[in-house]
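The values are calculated or read from the model by the stated rules, or taken from the named source; none is laboratory data. Please read these numbers as outputs of a predicted model, since none were measured by experiment. All Cβ positions, glycine included, derive from the backbone under ideal geometry; neighbour counts span all protein chains shown.
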Ligand code: FES
Ligand code: FES
């Protein structure tokens, strides 16, 4: 690494100056010896203003998971900044300046931002701090050892002289950066782990926070698209005469279907459609309702959800080869050992995201370049796909990044951006803001993959869980190539575990995509099956789980992170202690438990329900979380609370009904979500750890609360509901 | 098309618009006040909540024709400095996640507190049931409303003292 390029001072428009630095870049080596032009390839998180204010650039996507604040905290902690003087800013996408390999890139998903950015940002903050200290020491004719940083000042231990960051920044920027800056130790933290106000709060409560849907560009028009109501259908013909007669309508153009990249990355789908371009949203909407369109509905036009599920059942019941196993792959059929067996099938269905800010993108295709304005979890993917599909050089594609009103995985895909670029181009290279209506969102969108989990457990003569078999059928592969040796099970100590998988992608009647916690949603339903085994054995579900875990044991499931039995035990004990577990309840009420990891974070939940005339009320949810170091306690709790509500919405109301290829639930009156009057009390407790590494938790709670809820319904009613949405009338 | 007059946050505005257009789009795209949000367009989510003559209304279902001449207040006009007790309480309780629903939540809560200064838990739930928060911040919204009531009471007793 060329350390001289690690940090530099560059003149800033408006008379300030800027400290730019880059972490550990390969890119840096490549520019060794070049001059100011090298700035373009320097990662750049920070600028210091003459008054000492620090602007921190948030390169990850803010979609409600709170990275703006947590990343700023990580950086400010090592810098010893006054957190109130740290402002945040969302820079335009720049894959060259922010390469994924070294600075993390813009890609935001998998609850990965704090995991990935913690080492980068702490080192970056410490680097700048040491340079400020050195600058002060030089100015005061003393050694760096005699100086320290505190609350936005450098202080001389001997003389008590003080200098602000703003005064020192220019001189500091001229110094060579330290090779190995010293990180603070955890007991010296004043920002991390302490209550901090979210950096976006003042804007949020006054309505000033800008989302992609608020972008305004000179000359901008509005676009709405009538998309084929059937997945994989095509446009046959259309008549726009009535639509064109609506005042304010400028153009009617078509958008092409695109079955996105099927290779090593993440497939997506764009349905063919007819787009109205008008001078207002309202004119576009009125005109769209007047379009006469004939669709060629294709293979899915006659299929319903029931047809698809019958097929999934066939595939689920049919035996295949294992893709992963521990112990004996055929143990479940070993009659010498298995004296009693139990089977159950659980289904996590298709579910829409219902991101409250619907998909939208403002795009301006200009012939040899293009510009976009939107909130996206993955601008690099957009740039790659626009390059591939429209032949524009990557450098000519400019993506202005906005926070968004919810992402949950859906905004990781480039489809909305590509649609908007198609429309802008077809309309004659004018800027257009394309918005999906809520009905569009619920009826023509990509959804959570359908996951069918077929479980079988084999108990031996001593009622020990000897064999666990499970088969998953799913409508999305991710970038996995099966057979892989991955197991979906929890970290339980079971001697023989077997996992089979079948891919239903080609049979799916809807496009599947990333949906908060992705595959863990189906996988965590194994926590219901564990509950069934405990019930069969007449064991307390908590005690039964503990009996399957061993302090110190680590389960290798083929995932990056091994599953720590100690940490599973830790969250289970904590949730038991905090939840009245084991206290008697009146008839019609029940308590259910579940525990599951996400990445290297762990969560156990106890849910309490009341069931009256088959109506389920969720009274209370208690969560215990081990996510390593908690960066922002309030934000962390918020993510768990929100995950609980998210999971309960899925449990109570999830699922996409499909008839004749059409998703029939339109707006929120047909597709319900949990509302305030249904929302239980939610309590969240964190396991105290010595860790200095945080593990992401935006996707941790929702897969766990679903089995905890279903297990509570069983405790209250004696009925096992094995499919979402949870409807007791059908059982 | 009609030439209509509106009072939004105390300011007079006139636009030539389709009288059937929902007020939401006038507020957002004509008056440029983007704090009022589109979430459903059919009065199901509350993201577009504004005050019309002091009452909480879903601006996505109210036509410009009907709103013309009325006093409209959006989140930007709730308090000049952003210091309405609810806004302060929202900050104190660190309510939002993505924040997209929150302007609507605050406007619904403000109308509630205007009519019912000390609502019961049930009254809070009932008044707020029309506002969806996809991020699931309901427990914080409830807490923040109670905090705002306390702040309000403090101000009142302070004023009386
Ligand atoms: S946008 Fe008006 S209630 Fe949803
Ligand atoms: S904070 Fe995201 S929808 Fe309410």
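Observations on the structure shown:
- Options B:103, B:89, B:68: the member that is touching a residue at least 60 places away in the same chain (Cβ under 8 Å) and away from every other protein chain (no Cβ under 11 Å): B:68
- Criterion: under 28 Å from residue A:639 (Cα atoms), in a helix (DSSP H, G or I), more than 7 Å from chain A (Cβ to nearest Cβ) and touching a helix residue (DSSP H, G or I) at 6+ places or on another chain (Cβ under 9 Å) - qualifying residue of B:76, B:122: B:122
Matching residues to (1) in contact with a strand residue (DSSP E or B) (Cβ under 8 Å, 6 or more places away or on another chain); (2) at pLDDT 95 or above; (3) on the phi < 0 side of the Ramachandran plot; (4) not in a helix (DSSP H, G or I):
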{"position": "A:243", "(1), (2), (3), (4)": "yes, yes, yes, no"}
{"position": "A:265", "(1), (2), (3), (4)": "no, no, yes, yes"}
{"position": "A:275", "(1), (2), (3), (4)": "yes, yes, yes, yes"}
{"position": "A:295", "(1), (2), (3), (4)": "yes, yes, yes, yes"}
{"position": "A:306", "(1), (2), (3), (4)": "no, yes, yes, no"}
{"position": "A:310", "(1), (2), (3), (4)": "no, yes, yes, no"}
{"position": "A:316", "(1), (2), (3), (4)": "yes, yes, yes, no"}
{"position": "A:325", "(1), (2), (3), (4)": "yes, no, yes, yes"}
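- Taken over region A:149-203, the criterion of being in a loop (DSSP other than H, G, I, E, B) and over 24 Å from residue A:122 (Cβ atoms) is satisfied by A:158, A:159, A:160, A:161.
- Unique residue being assigned to a loop (DSSP other than H, G, I, E, B), buried (at least 19 other Cβ atoms within 10 Å of the Cβ), in contact with a strand residue (DSSP E or B) (Cβ under 7 Å, 6 or more places away or on another chain) and at pLDDT 95 or above when the list is A:673, A:710, A:700, A:648: A:700
- Residue within region B:128-142 that is more than 10 Å from every other protein chain (Cβ to nearest Cβ) and either away from ligand 2 (no atom under 16 Å from the Cβ) or within 30 Å of residue A:194 (Cα to Cα) (or both) present: no
- Check on residue B:106, within 16 Å of ligand 2 (Cβ to nearest atom) and either farther than 22 Å from residue A:638 by Cα or crowded, with 24+ Cβ neighbours inside 10 Å (or both): yes
- Scan of region A:335-361 for residues that are out of contact with any strand residue (DSSP E or B) (no Cβ under 7 Å at 6 or more places or on another chain) and surrounded by fewer than 22 Cβ atoms within 10 Å (Cβ to Cβ), ordered by number: A:335, A:336
- Any helices (runs of 4 or more DSSP H) falling wholly within region A:1-113 and containing at least 3 residues that are at pLDDT 50 or above: A:67-79, A:100-103
- Any hit, region B:134-152, residues being under 14 Å from the mean Cα position of the chain (by Cα) and within 15 Å of ligand 1 (Cβ to nearest atom): no
- Candidates A:288, A:315, filtered to the one that is farther than 30 Å from residue B:29 by Cβ and buried (at least 16 other Cβ atoms within 10 Å of the Cβ): A:315
- Residue within region B:139-149 that is touching a strand residue (DSSP E or B) at 6+ places or on another chain (Cβ under 9 Å), in a loop (DSSP other than H, G, I, E, B) and surrounded by 16 or more Cβ atoms within 10 Å (Cβ to Cβ) present: no
- Flag for residue A:594 being closer than 30 Å to residue A:406 by Cα and either in a helix (DSSP H, G or I) or modelled with pLDDT of 95 or more (or both): yes
- Matching residues, region B:58-93, being within 14 Å of ligand 2 (Cβ to nearest atom) and buried (at least 24 other Cβ atoms within 10 Å of the Cβ): B:75, B:90
- For region B:42-57, filtering for residues that are within 16 Å of ligand 2 (Cβ to nearest atom) and more than 7 Å from chain A (Cβ to nearest Cβ) leaves 3.
- So residue A:453, is it in contact with a strand residue (DSSP E or B) (Cβ under 6 Å, 6 or more places away or on another chain), within 14 Å of another protein chain (Cβ to nearest Cβ) and modelled with pLDDT of 95 or more: no
- Scanning region B:42-57 for residues that are crowded, with 24+ Cβ neighbours inside 10 Å and either assigned to a loop (DSSP other than H, G, I, E, B) or over 9 Å from the mean Cα position of the chain (by Cα) (or both) returns B:45, B:46, B:47, B:48.
- Applying the criterion of being surrounded by fewer than 17 Cβ atoms within 10 Å (Cβ to Cβ), without any contact (Cβ under 8 Å) to a residue 60 or more places away in the chain and part of a loop (DSSP other than H, G, I, E, B) to the residues of region B:1-41, the residue that is farthest from the other protein chains (Cβ to nearest Cβ) is B:19.
- For region A:227-241, the criterion of being assigned to a helix (DSSP H, G or I), within 25 Å of residue A:428 (Cβ to Cβ) and in the same structural domain as residue A:276 (by TED's automatic domain parsing) is met by at least one residue.
- Every listed requirement among (1) within 13 Å of the chain's Cα centre (by Cα); (2) over 19 Å from residue B:113 (Cβ atoms); (3) within 16 Å of ligand 2 (Cβ to nearest atom) is met by residue B:24 save one, (3).
- Search result, residues across region A:713-726 that are over 15 Å from residue A:592 (Cα atoms) and out of contact with any strand residue (DSSP E or B) (no Cβ under 8 Å at 6 or more places or on another chain): A:725
- For region A:203-232, the tally of residues that are within 13 Å of chain B (Cβ to nearest Cβ), farther than 25 Å from residue B:101 by Cβ and either within 27 Å of the chain's Cα centre (by Cα) or modelled with pLDDT under 95 (or both) stands at 0.
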